[in-house]
Structures are given as C-alpha cells and as structure tokens.
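What follows is a set of notes on a single structure, which appears directly below.
The values are calculated or read from the model by the stated rules, or taken from the named source; none is laboratory data. This structure is a prediction, so every number in the text was calculated from the model and none was measured. As a convention, Cβ positions derive from the backbone with ideal geometry for all residues, glycine included, and neighbour counts pool all protein chains shown. These area figures cover heavy atoms from the full protein model, side chains too; ligands, DNA and RNA do not enter into them. Shrake-Rupley method; radii C 1.70, N 1.55, O 1.52, S 1.80 Å.
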Amino acid sequence: MASQVASVFAGIAQAPEDPILGVTVAFNKDPSPVKEGKPLVLNVVRCAEQMLINDPSRYKEYLPITGLAEFNKLSAKLIFGADSPAIQENRVVTVQCLSGTGSLRVGGEFLAKHYHEHTIYIPTPTWGNHPKIFTLAGLTARTYRYYDPATRGLDFNGLVEDLSSAPLGSIVLLHACAHNPTGVDPTVDQWEKIRQLMRSKSLLPFFDSAYQGFASGSLDKDAQPVRMFVADGGELLMAQSYAKNMGLYGERVGALSIVCGSADVAVRVESQLKLVIRPMYSSPPLHGPSVVATILRDSEMFNEWTVELKAMADRIISMRQQLFDALKSRGTPGDWSHIIKQIGMFTFTGLNSEQVAFMRQEYHIYMTSDGRISMAGLNMKNLPHLADAIHAAVTKLK
C-alpha cells in the first residue's frame, strides 16, 4: 500500500455546491420514489439527429473559431426577425458559443477589452451565474431594482430610478423574456419606456435570451422587446441559448450577436471576438448547432418545432393555473395570484429557505433556496403533491 504523500493542494477548502446545480445533485441522491423529473427530447430534434447520422458526407473536423456559419445566420434571423434592417445592412456579427453561459462570458470579455465602461448593471434578483460570469470576465457588476417582494411583481419605478442614476454609457443586462428567477416581465409599454431611458443615457443593452418561444409559445412575441431596441438603430449585445426551447441542454448550443453601428464596425468586432474565443476554447462543438441549423433551415421541421414549443409553453401555463387552483381549493394562506401572472419556466413562489428545506425533507420536493421552482417539472400526477407540500410549509412555518 502506497504511503500517503503530502499534497501541495492540502490547504484547499471544500467549495460549496452550486446553488442551482446543487439542487440536481441532491435530487439525484434522494432514493424516494415520490420524486419525479425526466427530461423530454423533442421529436423534431430526434428527427434532425437521425438525418445527420444518415448523412455520409458529414465529418468531425474542427469548426471555425466563430462556429457553424449557417447556425449563426439562422440564429440572428430567429431573434432579430427575417426582415431585420440590422441584418440586411450587415450590421450584425454572430458567433457560436457554449450555450447562454458561454455567450455571456465571451460578450463580457469582449466588453472588458474594447468598451469604455466596465460597469454592468444586473437586475435584483437575477440568474445566480450572471454576477460571477461578468466579474470573471473583467467587468464590475452592480444591481438595479427589478422585483418587488411585496407585490411579487415588477418594481418598475425602482428600475427606472436606478437606471436613471447609472453613469452614462454603462452596460445593462436585460432578460429578453421569462425573467429568471422571478417569471416577471415588463409590459410592452414598460419596455418602450426602458428603451427610451437607456438610449437617452447611452446605456448599452446586453440581452440574455434563454427562453424565446418557451415563455408565451410565440417566438416572435418573446423576441419583441429585443426587436424594439434593434429597430431604433442603436447598438446592443444578445446572448442566445437553445437549452430550453429545443431541449438541447447537454449540447451547449448558444450564440452571441452584436448589433453594430455599421457593417464596417461589425467586421472589426468579429475579428476581435475571434481573439477572445481562440485562447478560451478555440472553437465550439459541431453536433448541437448542426441539429439547430437542420431544424431552422427546413420549413416543415421549423413548423413542427414551433408546434412542439407551443405545446410545452401551453402546458406550463396550464400547470400554473392548476397549481393556483389547487392552493386556492386547499385554503392555503396568502395571495397566490403571482403564480398565474408570472411567465415562463420558473415561478418565484415567495417561499422562504426554511419552507423550502421543509418541503425537501418532508415531501422530497426540490427547488432553489430562494423559492424558485421549475414549472416544467410539474404534471397532473405530482401537482397535488406539490400543492399539499406548499400548503403544509406555509401553514406550519410562517
């Protein structure tokens, strides 16, 4: 038996589990038969993959630094619209990245190197990875008010006040739709006021679009806030992910688009994005974007995708209504109307960390400690169990 050698890493502390991914770790360790949660692979995705497998001309060579060109072109068209003037004027540069996280990180590092302001304002709350991504990219993360716990809705006045006091030219992170973790989005009128305010102060929009089509069931409706900002001729950054709306979580498929002031600037921006990507991961993967491009280029497959996407979105909307009705029928204390007012994959329940821990221990229900629950995990079978758990948690632990 080899003797134990002292390690130069002996002083390293055990890092805590990621607050979001750690929930999955705990879920997988739980032996209870009560827990549920199996991922869905879309039929159109399976068809696209089969087509790729059956194509003898396909190869496994490296992609260019910027990724699969057809995927990039189709991704820009999907989010900005086929008739987007920015695309027609060649003012959009798109690079394939490693899902939403990679798109945000590449965009953050690009801004840290080439933009005069290094402060990015992010909403409170936001996805837990946002501040870490931008800080490590070389930016300073500050916050603006977004969610009002009292109403469980948008703190629009606080948002306007904070962005009004932000220094000229600051970067502002905006969730394109289905805000994570709250599910609270501005109205179209509020988006227009946000756009006017940001343009008046030369604030640079950095959109994060992880749920296009998954929120309302309409790809165009969910892209409307982004297109409002593009229509005014101004510049912006856009991070896209296909994890949710195509179910391609493990394929790490995403894109970063930068809408520039001119075609000439776009060419130079792309050249600098290559210099960010090359030492980071050299070039992106091939399979995932090939699946996406196969679906987006073919009108029949695209239509099949939109039908499956709307079915997923409608199912989540239905689950929201049924959960609300179940809590109401149980006489659960409190106003639960925010469940049906919020939109998208997540609901910010308003449950506290003690109540969340109680539900995990007693009912084997898993959510983040801030009370964010994935509506995608609900179905007709487990919804009554969740309603019982929430009712017990709220009744026993106020």
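A few points about this structure:
- Charge dipole (Cα centre; +1 on Lys/Arg Cβ, -1 on Asp/Glu Cβ; no other charges) of the stretch 122-226 amounts to roughly 260 debye.
- Net dipole in debye of the chain [+1 Lys, Arg Cβ; -1 Asp, Glu Cβ; about Cα centre; nearest 20]: 460 debye
- The long axis of helix 188-200 is offset from the longest Cα principal axis of the chain by roughly 50 degrees.
- Hydrodynamic radius by Kirkwood, which averages 1/r over all alpha carbon pairs of the stretch 129-175, in angstrom: 12.0 Å
- Max-minus-min Cα coordinates of the chain on each principal axis give 63, 63, 57 Å, with the largest extent listed first.
- Summed residue charge, Cβ within 10 Å of V95's Cβ, Lys/Arg positive, Asp/Glu negative: 0
- Normalised convex hull volume, the stretch 59-168, alpha-carbon set, Å³ per residue: 169 Å³
- Modelled spin labels at T143 and A231, positioned 7 Å past Cα toward Cβ, are 3.3 nm from each other.
- Counting only protein chain heavy atoms and rolling a 1.4 Å probe, the accessible areas of Y146, Y115 rank, largest first, as Y115, Y146.
- Computed over the stretch 116-269: relative contact order in percent, which uses C-alpha pairs under 8 Å that are six or more apart: 17 percent
- Couplings 3J(HN,Hα) for the stretch 89-99, derived from phi with the Karplus relation 6.51 cos²θ - 1.76 cosθ + 1.60 (θ = phi - 60°), are 8, 6, 9, 9, 10, 10, 10, 6, 9, 7, 6 Hz, where x marks Gly and Pro.
- The stretch 256-365 shape via C-alpha gyration tensor axes, a/c threshold 1.5: prolate
- Loop-located chymotrypsin sites (Phe, Trp or Tyr not before Pro) in the stretch 39-101, at most 13 other Cβ atoms within 10 Å (DSSP): Y59, Y62
- Mean Cα-pair separation over length for the chain, i.e. relative contact order, pairs under 8 Å, 6 or more apart, %: 21 percent
- Surface accessible to a 1.4 Å probe, per residue, for the residues of the stretch 212-335, Å²: 40 Å²
- Cα lying deepest toward the dipole's positive end in the stretch 48-190, options N157, V106, Y121, charges on Cβ: V106
- R0 of 41 Å, Cβ-Cβ distance D220-K398: FRET efficiency to nearest 0.05: 0.40
- When the chain is treated as a GNM with alpha-carbon contacts under 10 Å, the residue of V93, V188, V269 showing the greatest mean-square fluctuation is V188.
- Of F302, V292, S257, farthest towards positive along the dipole that unit charges on Lys, Arg, Asp, Glu beta carbons give the stretch 240-307: S257
- Loop-located trypsin sites (Lys or Arg not before Pro) in the stretch 355-393 (DSSP state other than H, G, I, E, B) with a sparse environment of at most 14 neighbouring Cβ atoms within 10 Å: K381.
- For the chain, carbon and sulfur atoms together expose 56% of the accessible surface, with a 1.4 angstrom probe and every protein chain in place.
- For the stretch 92-149, the alpha carbon convex hull comes to 100 Å³ per residue, rounded to a whole number.
- Accessible-area order (highest first, 1.4 angstrom probe) of the listed residues D370, D220, D148: D220, D370, D148
- Unit Cα scatterers, Debye sum, the stretch 114-248: log10 I(q)/I(0) for q = 0.22 Å⁻¹: -1.59
- Length-normalised contact order for the stretch 249-398 - Cα pairs under 8 Å, 6+ apart - percent: 19 percent
- Coupling constants for the stretch 240-256 follow from the phi torsions by the Karplus curve (6.51 cos²θ - 1.76 cosθ + 1.60, θ = phi - 60°), and in residue order they are 10, 9, 10, 4, 8, 6, 10, x, 9, 3, x, 7, 6, 10, x, 8, 10 Hz; glycine and proline get x.
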